[in-house]
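Just below is one structure, and these are the notes that go with it.
Derivation of every value follows stated rules applied to the coordinates shown; laboratory data play no part. Keep in mind that this is a model prediction, so the values were computed, not measured. Every residue, glycine as well, gets a Cβ built from its backbone with ideal geometry; the counts of neighbours run over all protein chains shown.
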Amino acid sequence: MADVSVEKRLKFETNEMIVRSTPPIYAFINILFAAIIVFSLRNIVSHNRLFGFFLAVSVGAVYSLIIRFIYLKQTGEADDADLWGRILAFGAFMAGIAWGGGAVFIFPPSIAVSAKFFIPMALVVVAAGATIYQSVSMDYVFSFLVSVLMPMILWTAILGGAIHFETSVFLLMTLGGFLFLARNNHDAAMESIRMRMKFDDVESALQHAQEESRSAREHAEQAARVKSEFLASISHELRTPMNGVLGMSRLLSETSLSPLQKDYVDTIRQSGETLIGILDDVLSLSRMESGKMDHVHVDFEPHRLLDGIVTLMEPKAQEKGLVLYSEVAENLPEILHGDTVRLRQVLMTLINNALRFTEVGSVTLKVSVQNLNDEGVILRFDVMDTGIGIPEDIAHTLFEPFNQEDSSFTKAYEGVGFGLSVCKRLVTSMGGDIGIDSTVGQGSSFWFSVHFDIGQMVEEIPEMINVPAALLPLRVLLVEDNVVNQKVAKAFLERNGHTVTVAADGETAVNSVRGERFDMVVMDVHMPRMDGLEAARRIRSMRDEEKAGIPIVAITASVTPEDVRNCLSSGMDDFVPKPIDPRVMQAAMERAWAKHSGLTMRIAANEEDVELLDEEALKRLISVMSDEEIEVVLKLGRSTVEDAGRDVVRHYENNEIPQMASTAHMLKGAAADLGLRHLTKLALAIDKAAQDVNHPELTRLLPILPRMVEKSLASLDAWRKEPRFSGSAIGSGSDDVII
């Protein structure tokens, strides 16, 4: 009705009010009132005249009732308002003329004086009712009032005589008064209707705006879902070939290569890892845009966090011949409360970019206190480099992922847009500011400032037990449709001593498990004919309990939480993301094997004084090995612990919780093999917190890990310099190992 003229809408509203304010009982009241008049005049007026009067009023009332019924049955469109206004006014005229004409019919000149007053007064009562209840429409009330009173006014004037003249004047004045009163009532009703129409228009506009907003929100959500699905698909499609590139380069780097060849292979691997990093930045940006990025605030030690970051990034600086410094304000509080995951992610991205684009000189992480009070502190972090510098007119575009201008400087910094955009959004979400100060030819300083609350003292490492045992060589069924990925995964598995059989799809895998004996299935999720999820469900439903209970590890390029849940709900025990990291795959296989075999290694320790080194375990180790074998095992174990310790922190910085859990699990096993008692328990605690996705616990434990690795390996090095223990020197202390 929004396109209909205001006048038509007003007419429509008045018609509605006329019809709905005169219910059917109103017609019966008219008939009843006519019956009362007939009864009162039965001894004064002839019965024939009274019957004619009653019949006329009844017909008029029924006619009005029929019109009302027809109106309510029609569609009620405002375009028909004028026509129905005339029909209703004509109905009012017919009902009024029945009263007015009927009254004249029963008002002969010879009627008694008492009746001459009674009949006009009855008409006044009828007219008064219409004036009160039906004056919303002047056409309607005018038709009714005139048709009710005017016949009697004219009749009494024609009859002549003082009484008749006075009656005529009285009725004429009454008609004028009723019309005046009806006009006032009509104006008030029209104003009320106009106000209601305005309110309805506003309400309709509001509803329309809400509908448009809801529709826009639904379209935006749909677009976000499509975008998320598209990025997830892109992630899957990129990770699958990158698995071959990184896997083969990793395998190739372990062969005999010339220095030049090794440099080529390292370049391939580093470029692939950079591509995966950019892909992760894109996915992080998408998660933030869709509101899926949460903040977890915990107490932490900023000195440890910063030391851990610098320690983690130093090898990369050394590879390029750069020096990585850290300058921390002396008045930096010991304990703060904030989101360390996001803080670490921003710092790691900025330092990584600085190292990447600085060829000569140094990179400095500077932390200064801008505002300190009892409630909190504002910290400013500066990552300063001695690189090429960035012109001011280009610097502002670096924080926008899709708006980098085409220039030599932008080309030199190609690839940083996504990472810096993620940093900007993360800092903004933490209530901080981020920016850049740069001079061409001298270097750049990327800075950000964030507020942190003052925290409480960080608790010590909790006592943990039950460490899964190392994985023995297994008969593994590898299910992978991509030939390159088959080669990579098969090489990784065989390098760890496993015997590998390859199947190209899920259907073949199910038949192989049914017909042969395997210790474990390592299976891709997306395959032709039958995917890994369906294959896992069919294996779990086999009648042979031993075959149905075989450990299954998924290999997947889809790394969203929903994909992981689908893997686990299908019956798979663990998963390995692509590109495959052999250490992550081995750790996932260990967890799956331990889940089904129940093999654990339990370390009991004195709760009051836990030493870093379990010498009794080392005594057992050397008792069955030659000196040469001992040196080889300790050297390899030490290297594994160092690498795994760094990788745990790296995965945490990149918010790669599943990979971090796998690496922590591997660190735990390697530390246990070397008798690194406290490091084993710390790795176990991190593994458990990662599997439970317990961010506060991870934030509490991760800053401790680098120092614990360093101290534990230092204790191991000191032990290696001591005289070797013989097999007969094994003690019987409480720190026993049970497998």
(request) Taking a cut-off of 21 Å between Cα atoms, list the lysines near residue 490, but don't count ones fewer than 8 places away on the same chain. (result) 578
(message) Could you list 148, 125, 510, 19 so that the one with the fewest beta carbons within 10 Å of its beta carbon is first and the one with the most is last?
(response) 125, 19, 510, 148
(request) May I ask for log10 I(q)/I(0) of the range 125-187 at q = 0.17, 0.22, 0.24, 0.28 Å⁻¹, from a Debye sum over the Cα atoms as equal point scatterers with solvent left out? (result) -0.54, -0.78, -0.88, -1.07
(request) Sort out for me the Cα centre separation of the range 112-168 from the range 308-356, rounded to whole Å. (result) 100 Å
(request) With a 10 Å radius around each residue's Cβ, average the other Cβ atoms per peptide and rank 191-198, 340-347, 265-272, 10-17, highest first. (result) 340-347, 10-17, 265-272, 191-198
(request) Please list, or write none, the lysines whose alpha carbon is within less than 30 Å of the alpha carbon of residue 11, excluding same-chain residues fewer than 8 places away. (result) 73, 198
(message) If you build the convex hull over the alpha carbons only and average its shadow over all orientations, what do you get for the range 298-454? Give it in nm² to one decimal.
(response) 8.7 nm²
(message) Stokes-Einstein diffusion coefficient for the range 526-587 at 37 °C in a medium of 0.692 mPa s, Rh from the Kirkwood formula over Cα pairs: what value in µm²/s?
(response) 269 µm²/s
(message) When the expected Rg is taken as 2.2 N^0.38 Å, what fraction or multiple of it is the alpha-carbon Rg of the range 6-211?
(response) 1.17
(message) If you average the alpha carbon positions of the range 676-721 and of the range 481-558, how far apart do those two centres end up, in angstrom?
(response) 33 Å
(message) Using all alpha carbons of the range 459-577, what is the percent of pairwise distances in each 10 Å bin, ordered from the shortest bin to the longest?
(response) 14, 44, 30, 8, 4, 0
(request) Taking 7 Å along the Cα-to-C-beta vector as the label spot, tell me the residue 150-residue 62 distance in nanometres, rounded to one decimal. (result) 2.7 nm
